[in-house]
Ligand SMILES: [Fe+2]
């Protein structure tokens, strides 16, 4: 198993190289995705260990972390955007790409399908109900690991004042949209189509915490003060304060809830 994982990682590296022009480095936005992939691999491995998975499953989690965004590369090459709604579903494209590479053929079916399903469903609004039961824990895990890194990534871009590079389509206004606030207050969820500003994007990110699956993910959110860092960048209006409070209560309760760490199974 360890050997096959090594082969997969080598394939990933050479696939990445195919997106470089000669000796020049990867384009900045692809380099960002590459670094994100390595960090998500680390987060996925951490979560897998924390919830007590065996060594083989930790390997699967780390590999899935590395591969989950593989579709971003052909997506960007063809469409010059990461915006799925106006290009292609990068989860589907990554799934196709890895299937076509036949790089997972040496794995047992369970590991192979968990990685393929993880890539395919990491970015879907909901996990489809018909998913293979043996893949469910890995799909939940990659969704958590991905979010944990994107929280940090967005804050990092905000800190460096370069958020426009990351979110070029979002107008640079400081206002939050009333429509988005209403949807979030009523349903707890909102879609990107309602996002009209960076604070709107941060509000949607805040709502991601309700979609996390594993206790260690909630503990990470607390340790890294994710809610507070987002809240500090939002206008202090009653509806925002209420939403942030709800998110914080939910994270605290979920981080403390029992020790049933395999609740994603
Ligand atoms: Fe992704």
Compute the angle between helix 238-256 and the longest alpha-carbon principal axis of the chain, please, reported from 0 to 90 degrees and rounded to the nearest 10. 40
Wrap a convex hull around the Cα atoms of the range 1-156, take a quarter of its surface area, and give that in square nanometres. 9.3
Tilt of helix 198-207 relative to the longest C-alpha principal axis of the chain, in degrees (0 to 90, nearest 10)? 70
Could you state the number of Å between the C-alpha centres of the range 76-139 and the range 17-72? 13
Where labels lie 7 Å past Cα in the beta-carbon direction, separation of residue 29 and residue 7 in nm: 3.5
Per-peptide average of other Cβ atoms within 10 Å, ordering 88-98, 141-151 highest first: 141-151, 88-98
Ranked highest first by the average count of other Cβ atoms within 10 Å around their residues, in what order do 64-75, 193-204 fall? 64-75, 193-204
What distance in nm lies between label points placed 7 Å from Cα along the C-beta direction at residue 162 and residue 125? 3.3
Can you tell me the orientation of helix 90-101 relative to the chain, as the angle in degrees between its alpha-carbon axis and the longest Cα principal axis, to the nearest 10? 10
Starting from the Cα gyration tensor of the chain, take the square roots of the eigenvalues, sort them a ≥ b ≥ c, and report rounded, prolate or oblate (rounded when a/c is under 1.5, otherwise prolate if a/b is larger than b/c, else oblate). oblate
18 Å reach of a label modelled at residue 193, 7 Å along Cα-to-Cβ, counting backbone N of the range 71-94: 83-90
If each residue of separation counts as 0.36 nm, what is the full-extension length gain between residue 257 and residue 92 once their alpha-carbon separation is subtracted? 56.0 nm
Please give the contour-minus-distance gain from residue 49 to residue 211: 0.36 nm per residue of separation, less the Cα-Cα distance, rounded to one decimal in nm. 56.3 nm
Test of understanding: what is the full-extension gain from residue 173 to residue 225, defined as 0.36 nm times their sequence separation minus their Cα-Cα distance? 16.2 nm
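Every number in this text was worked out from the coordinates using simple rules, so none of it is lab data. Note that the structure is a prediction, hence the values are computed from the model and not measured. Cβ sites come from the backbone with ideal geometry, for glycine too, and all protein chains shown count toward neighbours.
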